[in-house]
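Shown next, in structure tokens, is the structure this report addresses.
Each reported figure results from applying straightforward, stated rules to the coordinates on display, with no laboratory input. What you are looking at is a predicted structure, and each value in this text was computed from that prediction instead of being measured. Here the Cβ positions follow ideal geometry from the backbone for every residue, glycine too, while neighbour counts run over all protein chains shown.
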Amino acid sequence: MVVRAPPRRRGRPPAHFRALPGSPRDVSSTEVRSALALGRDVSGLLAPAVARFIEKRRLYGLRTLERLREDLSPARFEHTVHVAALAESLARRHGASPDAARTAGLLHDAGRRYRPHEVARYVRARAISVPERAKVLASDPMLAHAYVSADLARREFGVEDPEILGAIRRHTLGDARLSLLDKVLYVADACSLDRSHSSAAATRALAYEDLDEALRRCVAEKLVHAVGRDAWLHPLTVRLWNSLAGR
Ligand SMILES: [Fe+2]
Ligand SMILES: [Fe+2]
């Protein structure tokens, strides 16, 4: 038995196949997987019985989403979903893996379930390697949340892909060299739909056209904000800026 996929593949199936009558919905499985993983309404995409089965078994990332909803504040959860959606979309535009970008986006702030002193305790207890660790934990432990998120992504959410874990780890402090996936996540985090600062929408639009320029703006804004607060600048962020300045 086969089903004709409209309207992409026409033609007749081989003689030993029997085509089912009727025309199926023109929905790709990629679209369905993405919608489920981002917690979107899939009633227009799936038959009710299939949607119920997926919901019951918590398939296609529903368990991850449920766990994040429990762990994070409502605002942080909303941010997480917006970052994941934008990262996926930017990845598709720039040739990175949409699935990897969505996963990185969903888990990038998993460590934000903790308060600053808990982040510091987690980093020490698990001996997590954070550059300038002593200074980070003394000045602003939340700067280390990305490293905690990557550790949680691996331990609790089963992510093994080093590219995804690296992007999560680098989304706050950056690094002198960023991969395409790193850039996608860094930019998506800085200008996701929930970000209210005045330049967020313009940076978001720019990110589709020129990801490097959008990244440069995001890092510049982060630095200006930190200097405005009289905050200590992490050397990785300074190195990232120096790699982008004057382009
Ligand atoms: Fe973060
Ligand atoms: Fe974030």
Prolate/oblate/rounded label for region 134-247 (Cα gyration tensor, a/c 1.5): oblate
I'd like to compare 73-81, 210-218: which one has the highest average count of other Cβ atoms within 10 Å, and what's the full order after that? 210-218, 73-81
Quick check: the distance between the Cα centres of region 195-224 and region 229-247, to the nearest angstrom? 15 Å
Determine the shape class of region 171-231: with a ≥ b ≥ c the square roots of the Cα gyration tensor eigenvalues, call it rounded for a/c under 1.5, and otherwise prolate if a/b is greater than b/c, oblate otherwise. oblate
In percent, how large is the relative contact order of region 116-247, given Cα pairs closer than 8 Å and 6 or more residues apart? 20 percent
Angle between the chain longest axis and helix 211-228 axis [Cα atoms, degrees, rounded to 10]: 40 degrees
Evaluate the Debye formula for the chain with equal point scatterers sitting on the alpha carbons, no solvent, and hand back log10 of I(q)/I(0) at q = 0.10, 0.11 Å⁻¹, in q order, two decimals. -0.54, -0.64
If you find the alpha carbon centre of region 110-185 and of region 38-64, how far apart are they in angstrom? 30 Å
Which whole-number percentage describes the relative contact order of the chain, with Cα contacts under 8 Å and a sequence gap of 6 or more? 14 percent
